[in-house]
Amino acid sequence: MTVLPSSDRKYRRSPPRSPLLPQKLDDDQSFDAHGSGFDGASTSGAVFNLSTTIVGAGIMGLPAAVNQLGLIPGLLTIMFVSMLTESSIDMILRFSRASKSKTYSGVAADAFGGAGSNILQACIFINNLGMLVVYMIIIGDVLSGTSVDGFHHSGVVEEWFGQHWWTTRSALLLFITFFVFAPLISFKRVDSLRYTSALSVALAVVFVAITAGVVIVKLMEGKIGMPRLMPKLVNQASFWKLFTTVPVVVTAYICHHNILPIENELNDPTQMKSIVRKSLTLCTSVYIATSFFGVVLFGDHTMDDVLANFDGDLGIPYSSLLDDLVRVSYGLHLMLVFPIVFFSLRLNVDGLLFPYAIPIAFDNKRFFSVTIALMGFILMGASFVPSIWDAFQFTGATAAVCVGFIFPAAITLRNIPGIATKNDRLISWMMIFLAVSTSTVAVTSDIYSIFLC
């Protein structure tokens, strides 16, 4: 029988404080609950699951952010945030081991008590729910199209089969929910998603490869000019606008809510630091390639969501086919990212609603009740309130920086186990400054846009 550390017994605000399946039932029965025969997750599976958590919809906003900053400062910013993310994750891992906590919320509880755990879980709830609604909206846009200012942009299913009741947004999202999402979100271990995560990463690479191919063809034909290497500063407003790109880059690296659930299932938890480094290297490479080729290809015409640039003539043969291939591959990519983000959403919601219950993985009735309720809410939001995108962009930006930077830094500065170094404290203050300034800029920009419109 597993004995929970005192901090996790006192503040068990979330099921992930215990692993999805107990790490030890007896001295020689690791991960063998319910007769599953699970011997622990592999390193490669963990790398793909963590990489999929990172690479979601945020990848599509990076080219516009890099174009705004200029190619050189933009790519350097991506690398800097990657290094900062690795530092914040390392803090979570070190303090979780020192406090013997099995979850991120358990580490927060050790530092700030039950209130800190609840606040962190609420931030994860806001961040993940917002991301999943946005994913559903994008999938709906890709498949069934969207209308902007009275003009309808057709989705790929509409283009292929015409307008019918079964090509509408609601019908397609219902179909995907029942036949794609439902099976994938029914798994009780994150490692069960390793193959779909690997495919998801491969689809992101497909997008990069297509974009790179188009750039190479157009370069050979002399149809591409020199991209802007530095930011274009014409007045004070253009200078302050540069800071609006920071939230895009920061939120593209938020994966902290899945770090400890992934580690808990590892066959060799000591490999987690290496797994984090490999995942961040892979994702940073994809981000840099996407941003570089996107900026070179579209230049100052790069849209906030670069996927929208693949809705017309690319200026090369088979342009329409490549447009469809990019949109379909990206839609499939998001479908496979969805369950890995939903995984931690469900655990944290269950922790908020049932803080003293047994882990959700051992209660089928609660597991499926919470799953169905969350999916119903996400589906309704994506089907009937597409403008919810703006609301979640507002709340998600603030919640994301709390999850990714403010909480790791605050836990380190609190330093209950007494393991923080002088360098840790310096990096923590840097994280808090970046997070607060990012949130301030994002919130101010959103409020300004609302009143301007």
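Is it true that M303 is surrounded by 17 or more Cβ atoms within 10 Å (Cβ to Cβ) and at pLDDT below 90?
Values: surrounded by 17 or more Cβ atoms within 10 Å (Cβ to Cβ): yes; at pLDDT below 90: yes.
Yes: the conditions hold for M303.
Report yes if Y356 is in contact (Cβ under 8 Å) with a residue 24 or more places away in the chain, among the hydroxyl-bearing types (S, T, Y) and not in a helix (DSSP H, G or I), otherwise no. Outline the logic, then answer.
Working: in contact (Cβ under 8 Å) with a residue 24 or more places away in the chain: yes; among the hydroxyl-bearing types (S, T, Y): yes; not in a helix (DSSP H, G or I): yes.
Yes, satisfied.
Whether any residue in region 315-338 is surrounded by fewer than 20 Cβ atoms within 10 Å (Cβ to Cβ), in contact with a Lys or Arg (Cβ under 8 Å, 6 or more places away or on another chain) and at pLDDT below 90 is what I want to check.
Yes.
Can you list residue pairs whose Cβ atoms sit under 9 Å apart, with the first residue in region 413-429 being assigned to a helix (DSSP H, G or I) and the second being surrounded by 10 or more Cβ atoms within 10 Å (Cβ to Cβ) and basic (K, R)? Count only pairs 6 or more apart in sequence or on different chains.
Close Cβ pairs satisfying both conditions: L413/R425; D424/R94.
Looking at F298, is it part of a helix (DSSP H, G or I), open to solvent by less than 70 Å² (accessible area, probe 1.4 Å) and of a type in the set (A, V, I, L, M, F, W, C)?
Numbers: part of a helix (DSSP H, G or I): yes; open to solvent by less than 70 Å² (accessible area, probe 1.4 Å): yes; of a type in the set (A, V, I, L, M, F, W, C): yes.
Taking the combined requirement at face value, the residue satisfies it.
All but one of (1) without any contact (Cβ under 8 Å) to a residue 60 or more places away in the chain; (2) in a helix (DSSP H, G or I) hold for G312, so report the exception by its number.
Condition not satisfied by G312: (2).
I'm checking my understanding of the structure. Among residues of region 57-70 that are assigned to a helix (DSSP H, G or I) and open to solvent by less than 10 Å² (accessible area, probe 1.4 Å), which one is nearest to V201 (Cα to Cα)? Show your work before the answer.
So in region 57-70, the residues assigned to a helix (DSSP H, G or I) come out as 57-69.
With open to solvent by less than 10 Å² (accessible area, probe 1.4 Å) added as a condition, the list becomes 59-60, 62-63, 65-66.
Working: I59: 12, M60: 14, L62: 17, P63: 18, A65: 22, V66: 22 Å.
Here the answer is I59.
Any chance you could count how many residues in region 164-188 are farther than 28 Å from N264 by Cα and β-branched (V, I, T)? Break it down into steps so the answer makes sense when it comes.
Initially, region 164-188 is screened for residues farther than 28 Å from N264 by Cα, giving 164-179.
Narrowing the set further to residues that are β-branched (V, I, T) leaves 167-168, 176-177.
Residues that pass the stated criteria total 4.
Please go through region 265-277 and give me each residue that is buried (at least 18 other Cβ atoms within 10 Å of the Cβ) and modelled with pLDDT of 90 or more, ordered by number.
Once the filter is applied, which keeps residues that are buried (at least 18 other Cβ atoms within 10 Å of the Cβ) and modelled with pLDDT of 90 or more, region 265-277 yields M272, I275, V276.
How many of the residues making up region 302-332 are of a type outside the set (S, T, Y) and under 18 Å from V248 (Cβ atoms)?
First pass over region 302-332, keeping only residues of a type outside the set (S, T, Y): 303-317, 321-328, 331-332.
Add one more test, that the residue is under 18 Å from V248 (Cβ atoms), and what stays is 303-309.
Going through region 302-332 one residue at a time, the tally reaches 7.
Only one of (1) surrounded by fewer than 22 Cβ atoms within 10 Å (Cβ to Cβ); (2) over 15 Å from P227 (Cβ atoms); (3) of a type in the set (A, V, I, L, M) fails for M91. Which number is that?
Condition (1) is where M91 drops out.
Just to be sure I understand the filter: pairs with C-beta atoms under 7 Å, separated by 6 or more residues or on different chains, first member in region 74-98 and over 18 Å from L120 (Cα atoms), second member open to solvent by less than 10 Å² (accessible area, probe 1.4 Å) and not in a helix (DSSP H, G or I). Which pairs pass?
Hits for this filter: V81/Y253; S82/Y253.
Hey, could you check region 95-140 for residues that are surrounded by fewer than 21 Cβ atoms within 10 Å (Cβ to Cβ) and charged (D, E, K, R) and say which is nearest to the chain's Cα centre (by Cα)?
The residue in question is R97.
Would you please list the contacts, defined by Cβ atoms under 6 Å and residues six or more apart or on different chains, that run from a residue in region 252-278 that is closer than 13 Å to S96 by Cα and touching a residue at least 40 places away in the same chain (Cβ under 8 Å) to a residue that is buried (at least 23 other Cβ atoms within 10 Å of the Cβ) and aromatic (F, W, Y)?
Between residues of region 252-278 that are closer than 13 Å to S96 by Cα and touching a residue at least 40 places away in the same chain (Cβ under 8 Å) and residues that are buried (at least 23 other Cβ atoms within 10 Å of the Cβ) and aromatic (F, W, Y), the close pairs are L260/Y104.
Based on this model, can you work out whether S170 counts as open to solvent by less than 60 Å² (accessible area, probe 1.4 Å), out of contact with any strand residue (DSSP E or B) (no Cβ under 8 Å at 6 or more places or on another chain) and more than 30 Å from L297 (Cβ to Cβ)? Break it down stepwise before answering.
Working: open to solvent by less than 60 Å² (accessible area, probe 1.4 Å): yes; out of contact with any strand residue (DSSP E or B) (no Cβ under 8 Å at 6 or more places or on another chain): yes; more than 30 Å from L297 (Cβ to Cβ): yes.
So S170 passes the test.
The values are calculated or read from the model by the stated rules, or taken from the named source; none is laboratory data. Computed from a predicted structure; not experimentally measured. Every residue, glycine among them, receives a Cβ derived from its backbone with ideal geometry; neighbour counts consider all protein chains shown. What goes into the accessible areas is simple: the full protein's heavy atoms, side chains included, and nothing from ligands, DNA or RNA. Shrake-Rupley method; radii C 1.70, N 1.55, O 1.52, S 1.80 Å.
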